[in-house]
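A quick write-up on the structure given underneath.
Coordinate-derived values only; no laboratory data. Nothing here was measured: the structure is a model prediction, and the numbers come from that model. So basically every Cβ, Gly included, is an ideal-geometry build from the backbone, and we count neighbours across all protein chains shown.
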Amino acid sequence: MVEMRGISKKFDWGGQESKVVDDVSLSLNPGDFNVVVGPSGSGKTTLLSIMGLLLKPDSGEILFDENNVVGLGQNDLARIRSGKIGFVFQEFNLLEYLTTLENVLLAANIAGEKGKKETAVKLLNEVGLGHRINNLANQLSGGEKQRVAICRALINDPSLLLADEPTGNLDSKNGHEIITLLKNLVGDKNITSLLVTHDQRLADVADVLYEMNDGRLAAIRRKKGA
Amino acid sequence: MRAILRADISRKKKRIGLSVVSIALVITLFLIIEALSGSFFNSFFSHLYNTKAEVWVSPSMSFSGIGGTYTEKSLQDDVESVDGVASSEPVITLPSRARKDGIRTNVTIVGFADGGEYEKTVMASGRMPRRGNNEAAVDESLVARMPGLKTGNSVVVMGRSVKIVGVTRGHNLIAAPVMFLEINKARDILDLKSTDLSYILVQPKAGASGAIIARETQKRLGRKYRVQTKDEVIAEWRRQMSYITSVLNFVIGISFLIGTMVIAVTIYTSVIERVREFGILKALGATNWYVSRLVILEGLAIAVPGLIIGCLIGAGVALSIPLVMPMDIAMNAGMFLRAALASIGISILGSLIGLRRAAQVDPIIAIRTV
């Protein structure tokens, strides 16, 4: 279980303070496909960054396995990110000069995990890229890159999967495939997830749908059992 | 991590190659200077300490009379007419080459007066050469260089064969072992005039002061000559050596500074180009140490090949010096160890600015769209 309590974050825009996340509390259950929608500038990505321990909140708590991690130092936060959080970015963020397999194994290497090659190959097979493991990332299509990014996010068996506009740079067909893939993986592996998006198709398949407006978050739909 | 480093280096072959060449040049220079200074300094002082004359007289333009000749018939008579002088002896010192059984090596010919100061030289075996005989004594450092050389053998110098009658100890003058010849034999072999000399060694009478004799001799001979006590000669050489050492250390320092700057610029440029990449790594959970290791390894990827190439070229050049100059070069493991420490030091120092920049990269950069 991952939980946020009373999270707020302000930014200073040229001397003018702006509250981007305003007293947000959120509790995510494993296996649920949690999606946050909202207009640009509503604070979705900031919220995701805070949950991913990339940004420190001004106030509030983030609980991983009931431990508040907000006060931890940079290296401790980095270790939690590598071991417990999987990221999927809009820009894919693969290292273009590494192969598909090396990109997936990179996350394991960062986490200090060894002997993950078999797992990486298995994951790449699961997402239909078994035949591309030795291709450089810059030889892949956008959809393929995002699948590699998903495998990289899952290689360390994270308890939390975060995705920032995962279909933002994909065409309709690839976007649909990625949505289906993510949803299935989250359900099959019983992972806690949070995705922020503009994509209505993601909103449509969400188990729990949140809407963010002016830094405030509200659940607008829960699927039965979620 | 290895994959990142390998890929990163292969992308920047040219830039890293240039940096490797720079480090190789620094190490080459370092090794050559180390080899030269070690051989030159160590050997020269040992010879000075082994010379027991109290006063040295040499033409002003020569450097304590070493390595040159000067002709003036009346010089020795003038020196001997100074109060307190018991005896004086002319000495010839010139670099040359010796050959035996196909082995060639540099030697410093010292032509000395039979029965003079050099006659008292400490012998490892045999005796010093005598006037009228075709004889030579060699220093044991020459024996080390010509395996099998022993008393009774002949050695060829300037195309002339001389018989070895003794082996001396501690005369490795100007980085080449000394070969002692009786002065007339030396003049003959070196094709010098019968009045040629490099310097005069003066012995005071019992109870006379070397310092006073030196002062009086200097007055009599004027500025055309330099008259020094042995202590003054040693002090002067020490001073000269310290100037040379300072200049060489300055050159080494500057080359290290340049090497450090080359690595610093290469690494910093690399880090700047990879800010987003480091941000992604940090977002994926890389600690500052993980990212720092990438930067340090890139620095070492420049320093280690630079060190190996520099050692090969440096050793090659240094060991070739005796082929063109009358100098003996000795290299030892300590020089290579210092070169290794220097190159690792350069790479770490050069990486510092890049490391600092890499540590400052914010992982949030990964989540921003480009």
Specify the angular offset, from 0 to 90 degrees and rounded to the nearest 10, of the alpha carbon long axis of helix A:142-154 from the longest principal axis of the alpha carbons in chain A.
80
Only bridges with both residues in chain A count here: give the DSSP antiparallel percent, nearest 5.
60
For region B:191-198, in residue order, the Karplus 3J(HN,Hα) values (coefficients 6.51, -1.76, 1.60; θ = phi - 60°; whole Hz; Gly and Pro = x) are 6, 10, 6, 5, 9, 5, 8, 9
Any idea what the relative contact order of region B:68-127 is, in percent, if you count C-alpha pairs under 8 Å spaced at least 6 apart?
25
Calculated FRET efficiency for the pair B:S10/A:E66, C-beta based, R₀ 35 Å, to 0.05
0.15
Here the convex hull volume per residue of chain A, taken over Cα atoms and given in Å³, is 127
Chain B, relative contact order [Cα under 8 Å, separation at least 6], %
27
A:A219 versus A:R5, label points 7 Å from Cα toward the beta carbon: distance in nm?
1.7
Residue (of B:P204, B:A214, B:A136) at the positive-pole extreme of region B:47-237, dipole from beta-carbon charges:
B:A136
Other protein chain Cβ atoms within 10 Å, averaged over every residue that makes up A:49-56
3
With label points built 7 Å along Cα→Cβ from the Cα atoms of B:V122 and B:A206, find their separation and express it in nm.
2.6
On Cα atoms only, tilt of B:230-273 relative to the major axis of chain B in degrees:
10
Taking a straight Cα-to-Cα line shorter than 29 Å from A:K114, and setting aside same-chain lysines fewer than 8 residues away, one finds A:K84, A:K122, A:K145, A:K183, A:K189, B:K12, B:K282
Hz values of 3J(HN,Hα) by residue in region A:119-128 - Karplus curve (6.51, -1.76, 1.60), Gly and Pro given as x
4, 5, 5, 4, 4, 5, 5, 4, 9, x
Can you say what percent of the DSSP beta bridges in the protein assembly as shown, counting only those with both residues inside, are antiparallel? Round to 5.
70
Amide H within-cut-off set for B:S198, under 5 Å, with H built and near neighbours excluded
B:Y70, B:V91, B:I92, B:T93
Rounded to 10°, Cα long-axis angle of helix B:288-324 versus longest principal axis of chain B:
30
Along the dipole axis of region B:265-365 (charges at Cβ: +1 for Lys and Arg, -1 for Asp and Glu; origin at the Cα centre), the most positive-end residue among B:A342, B:G310, B:N288 is B:N288
In order through region B:71-84: 3J(HN,Hα) via Karplus (6.51 cos²θ - 1.76 cosθ + 1.60), integer Hz, x for Gly, Pro:
10, 7, 4, 7, 4, 5, 4, 4, 5, 6, 7, 6, 4, x
How big is region B:47-237 by Rg and Dmax over its Cα atoms, in Å?
16.3, 51
Starting from the alpha-carbon convex hull of the protein assembly as shown, give the projected area averaged over all orientations, in nm².
39.5
Calculated P(r) tail over 30 Å for chain B, as whole % of Cα pairs:
54
Once the dipole of region B:47-237 is set up with Lys and Arg at +1 and Asp and Glu at -1 on Cβ about the Cα centre, which of B:S88, B:G126, B:L149 lies farthest towards its positive end?
B:L149
Cβ charges +1 (Lys, Arg) and -1 (Asp, Glu), total dipole of the protein assembly as shown, debye:
1080
For a quick check: with amide H placed at 1.01 Å from N, whose amide H comes under 5 Å from B:T168's, ignoring anything fewer than 5 positions away on the same chain?
B:A124, B:V138, B:D139, B:E140
To the nearest 20 Debye, how big is the dipole of chain B about its Cα centre, given +1 on the beta carbon of each Lys and Arg and -1 on that of each Asp and Glu?
1540
Chain A, relative contact order in percent, only Cα pairs under 8 angstrom and at least six apart counted
30
With +1 on the Cβ of every Lys and Arg and -1 on the Cβ of every Asp and Glu, the dipole magnitude of chain A about its Cα centre, in debye rounded to the nearest 20, is 400
Roughly what would the spin-label model give for B:I344 and A:N135, points 7 Å off Cα along C-beta, in nm?
4.4
